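The values are calculated or read from the model by the stated rules, or taken from the named source; none is laboratory data. Model, not experiment: these values are computed from the prediction. Neighbour counts run over all protein chains shown; Cβ positions are idealised from the backbone, glycine included.
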Amino acid sequence: MSRQQGIVDVAIIGAGPAGLTAAYLLSKKGYSVTVIEKDERYVGGISRTVEVDGYRFDIGGHRFFSKSKEVVDLWNEILPNDFIQRPRMSRIYYEGKFYSYPLRAFEALFNLGIVRSTLCMASYAKAKLLPNRNVRSFEDWTTNQFGWKLYSIFFKTYTEKVWGMPCDEMSADWAAQRIKGLSLGAAVMDGLKRSLGLNKKPNDGMETKTLLETFRYPRLGPGMMWDAARDFVVAKGNSVLMGHSFKQLAQDAAGNWRLSATKADGSEAVITAKHVISSAPMRELSARIHPLPQTSLQASNLKYRDFLTVALMIKSDDLFPDNWIYIHDSKVKVGRVQNFRSWSPEMVPDPSIACVGLEYFCFEGDGLWSSSDADLVELAKKEMAILGLCNPDDVIGGAVVRQEKAYPVYDDEYAANVAAMRDELESKYPTLHMVGRNGMHRYNNQDHAMMTAMLTVENIDAGARIYNIWNVNEDAEYHEAGDEGEQEAIAAKVQITEDQAAALASERDVPTRVAPAAEPRKIDKAA
């Protein structure tokens, strides 16, 4: 049975960080909004917090750090009293040894040994003197930055484990986006200062934070943020429909959108809206627009990497102090190990029990994804023993959380496929807005996903495209460095200029206006 929800100003597909940021800000401005979310219980998408028997699991580990003042201010507004400051500690496990991350120079030299360290430096020097001029792949880009030897130790194994494909088949765009701004020289100098205790400000004894040493975190996990955002949206009289899967999207003769969503019991909700904001995967959006876009074939070639966490409850006050450990070892399948107590003590209800999460990167339907929960728990116990992190006999419980389409894949063809779909949909449908990580097929951090939604709300409120959200994170610096909220107005960096506005209007016949705009206008609710 189909039930009509009535006309709203904006319908939003997905209650992750981007979708709920948009819903929160639109609700605050007085718009009518309906959000659909396929999960029956949790909002937050990959930033949700799953709870099992009082134990809380972060799906991947989400530090709350942003250089954008707008994002930091919004976090503080949504969740004003529940942030805690946590020490940042992470290490790399390689060939049975642990390396601090960020690097500590003497520790790295000692662990690698003189011969291997010398080879690393020689390889780095060669890359700088004779760089590859034809940079196409992740391997090309990273080798140019660090040299082949360091690339093979600290990038290759882990990256191929995460993405399930050889590094020479991955686009260099991923490396440029995620590693950009981190130089070997800066990392080594920072590690040397740490090793020698020289990272102090003169006279005051305080450390200079060249790389992040602490971060803020909601005391019960990131799900607190998105629960609070959802509650605000509902309190404003708007709707968040849980357990509703995106089925179809079509536009009527009047330009209104008809969005249908189905529940597990077969019932259907239909929402009519002036605008639609989609954080659904681009491949999924393309397949569900009626009529099918001409670029649906390109969109169907977009790929995603899926992800699962095996949480283990272990008899121990605590196993290790790290927030997480990167596993650069081909002997085990696990890619990273989270320590949830180190994220927040309140994530673990029993002080005598440690709770860790082993992260496995997979493809939906492959052997790992399809394994039973019991088999995955046994695999996690075995691999913790191989890594020397716990005795399997001390494990008293386990749980498995699966996350489909966690990471958009940057293969050789992804950029052309995204550009083709974006160009077609933006030219045909100026009231359809793609936001967020999967909505734009871009491996954004949480704050950048939020910023795409924040600027989309400004575009809707202005009645024109005054910001190009596709420029968000285009020139982002290395995300481990800098001070929180140090960039006053990141929105200005993606504001469309008069020349760009004219070009857009000419090429796509899309109404575009340059800020500062006239008085922002609400959608004509009487129309």
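Points to keep in mind about this one:
- Residues in region 1-46 that are at pLDDT 95 or above and among the polar types (S, T, N, Q) were compared, and the one that is nearest to V400 (Cα to Cα) is T21.
- Matching residues in region 103-139 - criterion: being buried (at least 16 other Cβ atoms within 10 Å of the Cβ) and assigned to a loop (DSSP other than H, G, I, E, B): L103, R104, V135
- Residue match in region 62-74 (condition: out of contact with any strand residue (DSSP E or B) (no Cβ under 8 Å at 6 or more places or on another chain), surrounded by fewer than 16 Cβ atoms within 10 Å (Cβ to Cβ), more than 24 Å from L358 (Cβ to Cβ) and not assigned by TED's automatic domain parsing to the domain that holds N473): yes
- Against the conditions (1) among the aromatic types (F, W, Y); (2) buried (at least 19 other Cβ atoms within 10 Å of the Cβ); (3) in contact with a Phe, Trp or Tyr (Cβ under 8 Å, 6 or more places away or on another chain), W324 satisfies every one except (3).
- Count - residues of region 391-409 that are outside any strand (DSSP E or B), modelled with pLDDT of 95 or more and in contact with a strand residue (DSSP E or B) (Cβ under 8 Å, 6 or more places away or on another chain): 1
- Among the residues of region 71-102, those identified as in contact (Cβ under 8 Å) with a residue 24 or more places away in the chain and assigned to a helix (DSSP H, G or I) are V71, V72, D73, L74, W75, I78.
- For region 217-262, the tally of residues that are part of a helix (DSSP H, G or I) and among the hydrophobic types (A, V, I, L, M, F, W, C) stands at 9.
- Selected residue (criterion: farthest from the chain's Cα centre (by Cα)) from residues of region 263-279 that are among the charged types (D, E, K, R) and part of a strand (DSSP E or B): E268
- Filter pass, A11 being among the small types (G, A, S), out of contact with any Phe, Trp or Tyr (no Cβ under 6 Å at 6 or more places or on another chain), part of a strand (DSSP E or B) and under 26 Å from N473 (Cβ atoms): yes
- The residues of region 352-371 that are loosely packed, with under 14 Cβ neighbours inside 10 Å and farther than 24 Å from T49 by Cβ, listed by number, are G365, D366, G367, S370.
- Residue match in region 437-444 (condition: modelled with pLDDT under 95, assigned by TED's automatic domain parsing to the domain that holds A18, touching a Lys or Arg at 6+ places or on another chain (Cβ under 8 Å) and farther than 15 Å from I12 by Cα): yes
- Some residue of region 48-57 being among the aromatic types (F, W, Y), under 17 Å from the mean Cα position of the chain (by Cα) and not in a helix (DSSP H, G or I): yes
- Check on G388, without any contact (Cβ under 8 Å) to a residue 40 or more places away in the chain, surrounded by fewer than 18 Cβ atoms within 10 Å (Cβ to Cβ), assigned to a loop (DSSP other than H, G, I, E, B) and among the small types (G, A, S): no
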